[in-house]
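The values are calculated or read from the model by the stated rules, or taken from the named source; none is laboratory data. Since the model is a prediction, treat every value here as computed from it, not as a measurement. Note: ideal-geometry Cβ built from the backbone for every residue, glycine included; neighbour counts use all protein chains shown.
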Amino acid sequence: MMEPAVGIVGDALIDVVTDARGAVEHPGGAGLNVAVGIARLGGRAMLAAPFADDARGRGLRRLLGTEGVEAVPLPGGRATGVAESSTRDGEPSYSFSDEIRNRHYTYPEDAERRLGECRAVVVTSFPMGDPEEVERLTALLSRIGIPVAVDANARAALLPDRDAYRRGFERLAGMAALVKVSTEDLGLLYGDGNDARGPGAHARGLLYLGAAAVVETAGARGATVHTPEGRSSISPPPLPEPVVNSMGAGDALMARLALDLGSPRWPGSLVGWPAVLGDAVAIASETCRIDGALLQAPDSRARSTAWN
C-alpha cells in the first residue's frame, strides 16, 4: 500500500541568482524546495501553493510534475513571484517582488480535502506576519488534524512588523510536532541571541509553547534538536567539494525530516534523533555544493537543476 503524501503549504517562485558569472534563474521557494526534496528522497509530496498562470508559473508546475510532486494550485496572482539574490562568501541576500510581498493563501474545498488525505503537513515560507493568513491556516490545520512541521523562514526583507511575525510563528509553533529555526531566524525574531538563559534558550522556549521537537540550525556548525528530554547536536560531515551557496540547505534539511513525519520512522524519543538529524545535516551539506536550491542527496550530485 502506498504511503500517504506529505503536504506542504508554502511558495513556488523564481530565484534569480547573481554572482560573478552573471544572473541565472532557478526554480525556488521554500515550499517547492521542500516538496521536490521529499520526492527526490523517495517520498510522496504534495505542494499547495498559489500558482500564477504565466510562463514561469507553468514552468514551475511542469518541474513539479517531472520531479513527481503533486501540485495543489491555490488561487494565485497574475505573475509569478521573483526573489533576487546576490551571493557573498556563499551566503545569499535577498530582495523580493511585489507578488511575494503581497501573497495570499485561500483553501478551496478540494485543496482542503487533498491536504487532509496527507499524513503530515509542512508550513514554510508563509506570511506569518499577517494575522488573517495565520487564522485561516490554523483553522485549516485544526480541521484536518494531522502532524504539522513549521519552518520560521524569516527574511528581513519580508519582515515589516517583527512582533506580528513572531506572534504568528509562535501560534503555529504551538501546534507543531516539529519546528525548524535557524540562528538567523532567532536573531531576526528575538534579537541578537545573547540570552542570559544560555545557548538554545529561544529554541527551548518553543517547547513550552507546545512544540514537540525544535531543530535549530547553525549553518556550518550543524544543527541541534531540542525535545522535552534534552538536546542532541550534529556537525556536518567533511566534504572535499567547496560550498557554492547555501540557498537550499535549510529546505533540504527540512525535507529529510519531513520525510519521516507522521510515519512509524519518526523519532519517538531523543535517542532516535541523532540518526535522522545526522542524515538531514549531511543532505543539507551536499545541497550547498551545487548551483540552485534543490536538494542533492549524497548519491545524486550529477542531477541536473535545469528546469525550462
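Suppose we filter Val72, Val134 for residues that are β-branched (Val, Ile, Thr), in contact with a helix residue (DSSP H, G or I) (Cβ under 8 Å, 6 or more places away or on another chain) and part of a helix (DSSP H, G or I); which single one remains?
Result: Val134 is the single residue among Val72, Val134 that is β-branched (Val, Ile, Thr), in contact with a helix residue (DSSP H, G or I) (Cβ under 8 Å, 6 or more places away or on another chain) and part of a helix (DSSP H, G or I).
For residues in the stretch 85-110 being more than 20 Å from the chain's Cα centre (by Cα) and in a helix (DSSP H, G or I), which is modelled with the lowest pLDDT?
Asp98
Considering only the stretch 269-308, state which residues are assigned to a loop (DSSP other than H, G, I, E, B) and at pLDDT 90 or above.
Scanning the stretch 269-308 gives a single hit, Ser269.
Between a first residue in the stretch 11-36 that is at positive phi and a second residue that is in a loop (DSSP other than H, G, I, E, B) and buried (at least 22 other Cβ atoms within 10 Å of the Cβ), which pairs have beta carbons less than 8 Å apart while being 6 or more apart in sequence or on different chains?
Between residues of the stretch 11-36 that are at positive phi and residues that are in a loop (DSSP other than H, G, I, E, B) and buried (at least 22 other Cβ atoms within 10 Å of the Cβ), the close pairs are Gly29/Gly10; Gly29/Asp11; Gly29/Ala12; Gly29/Gly81; Gly29/Ser125.
Out of (1) in a helix (DSSP H, G or I); (2) touching a Pro at 6+ places or on another chain (Cβ under 8 Å), the odd one out for Val17 is which?
Tallying (1) in a helix (DSSP H, G or I); (2) touching a Pro at 6+ places or on another chain (Cβ under 8 Å), Val17 fails exactly one: (1).
If a residue must be small (Gly, Ala, Ser), surrounded by 24 or more Cβ atoms within 10 Å (Cβ to Cβ) and farther than 22 Å from Val150 by Cβ, how many such residues does the stretch 1-53 contain?
Final tally of qualifying residues: 0.
For the stretch 141-158, which residues satisfy the criterion of being among the hydrophobic types (A, V, I, L, M, F, W, C) and either under 14 Å from Met175 (Cβ atoms) or buried (at least 24 other Cβ atoms within 10 Å of the Cβ) (or both)?
If the condition is that a residue be among the hydrophobic types (A, V, I, L, M, F, W, C) and either under 14 Å from Met175 (Cβ atoms) or buried (at least 24 other Cβ atoms within 10 Å of the Cβ) (or both), then Leu141, Ile144, Ile146, Val148, Ala149, Val150, Ala152 are the ones that fit.
Confirm whether Leu32 is part of a helix (DSSP H, G or I), aliphatic (A, V, I, L, M) and within 18 Å of Tyr107 (Cα to Cα).
yes
When you check Gly7 against the structure, is it outside any helix (DSSP H, G or I), under 24 Å from Tyr105 (Cβ atoms) and under 13 Å from the mean Cα position of the chain (by Cα), yes or no?
yes
So Ala252 passes all but one of these: (1) part of a helix (DSSP H, G or I); (2) small (Gly, Ala, Ser); (3) modelled with pLDDT under 90. Which condition number does it fail?
Among (1) part of a helix (DSSP H, G or I); (2) small (Gly, Ala, Ser); (3) modelled with pLDDT under 90, Ala252 violates only (3).
If I filter the stretch 52-60 for residues that are acidic (Asp, Glu) and within 18 Å of the chain's Cα centre (by Cα), do I get at least one hit?
For the stretch 52-60, residues acidic (Asp, Glu) and within 18 Å of the chain's Cα centre (by Cα): absent.
When you go through (1) part of a helix (DSSP H, G or I); (2) surrounded by 19 or more Cβ atoms within 10 Å (Cβ to Cβ) one by one for Arg62, which number turns out not to apply?
Result: Arg62 passes all but (2).
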